[in-house]
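Q: To start, I am sharing the structure in question, which I have written as structure tokens.
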Amino acid sequence: MSDFVIAIDGPSGTGKSTVARKVAASLGAGYLDTGAMYRIVTLAVLNAGIDPYDDDAVAGLLATLAFVSPTDPDAQQHLLDGADVGGAIRTAEVTSAVSPVSANPAVRAWLKGRQQELAAAGRMVVEGRDIGTVITPDATLKIYLTADERVRALRRHTDTAARTAGDVETVRASLALRDAHDTNRAHAPLMAAADAVVLDSTDLEISQTVEAVLTLAAERGIR
């Protein structure tokens, strides 16, 4: 199979970004982190002093944005107006504001075309929260990656311990709040596509999860 799309959706802390990048590298494919695109828009909103909940003001900012979305799994440099913002988009401030920005219909519509164009560029692993349901509904393989909430909180706390204050319970509460926002938003809510394979990573190491996805891919002729 020359071209394919593997869609990996799921909530935070399931390991989907790491898994998606490793799967892409193993298959010699591109990798698209759609969540980073929403984080870049959120960072721009915060930098402009705009209330993330002000849908009209956020929508008005979109036409001024210029950013690069990398697709090389081994070279993920995110640029906003020419500046590297890879670290800035992962801060607690952006994390706390990304849900309302992501729920903005204008933002979703604006990014949808970009995401679909990049996803259609060739062999691609795309991860996010509405990939199998909205962005690439005809994906060759759809994975919905999930895990126990406390395990997700432990993973996220470990990942962000150097940048974010707070104990595991604080992180768990934050994840639960974002899950609620993402699954209940009116536009493109977080959910498993009807034909997605639900993969529970609670008791799996990253390498085991990657191998499980690669096995499913091979079953669909992706090697």
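Q: Radius of gyration and Dmax for the range 104-164's Cα atoms, expressed in Å?
A: According to the Cα coordinates of the range 104-164, Rg and Dmax are 15.0, 39 Å.
Q: So how much slack lies between His181 and Val68, counting 0.36 nm per residue of separation and subtracting their Cα-Cα distance, in nm?
A: Details: separation 113, 0.36 × 113 = 40.68 nm, distance 2.67 nm.
Contour length minus the Cα-Cα distance gives 38.0 nm.
Q: Checking the a/c ratio against 1.5 first, then a/b against b/c, what shape does the Cα gyration tensor give for the range 130-223?
A: Details: a/c = 2.76, a/b = 1.41, b/c = 1.95.
Taking the square roots of the gyration eigenvalues as a ≥ b ≥ c, the range 130-223 is oblate.
Q: Using DSSP to define loop residues, name the GluC sites (Glu not before Pro) in the range 118-223 whose beta-carbon has at most 16 other beta-carbon atoms within 10 Å.
A: In loop regions of the range 118-223 (DSSP not H, G, I, E or B), the sparsely surrounded GluC sites (Glu not before Pro) are Glu205.
Q: So what is the diffusion coefficient of the chain in µm² per second by Stokes-Einstein at 25 °C and 0.890 mPa s, using a Kirkwood Rh over Cα pairs? Don't jump to the answer; show the numbers that get you there.
A: Values: Rh = 17.6 Å.
So the translational diffusion coefficient is about 139 µm²/s.
Q: Something else: With θ taken as phi - 60° and the coefficients 6.51, -1.76 and 1.60, list the Karplus ³J(HN,Hα) couplings across the range 91-100 in order, rounded to whole Hz; mark glycine and proline as x.
A: These are the phi-based 3J(HN,Hα) values: 6, 4, 5, 5, 4, 6, 9, 6, 5, x Hz.
Q: Return the distance in nm (one decimal) between the two label points of a simple spin-label model at Ala120 and Thr158, each offset 7 Å from Cα along Cα→Cβ.
A: Simple spin-label model gives 4.0 nm for this pair.
Values quoted throughout were computed directly from the atomic coordinates according to the rules given, and no laboratory measurement underlies them. Model, not experiment: these values are computed from the prediction. Cβ atoms come from the backbone with ideal geometry, glycine included; neighbour counts cover every protein chain shown.
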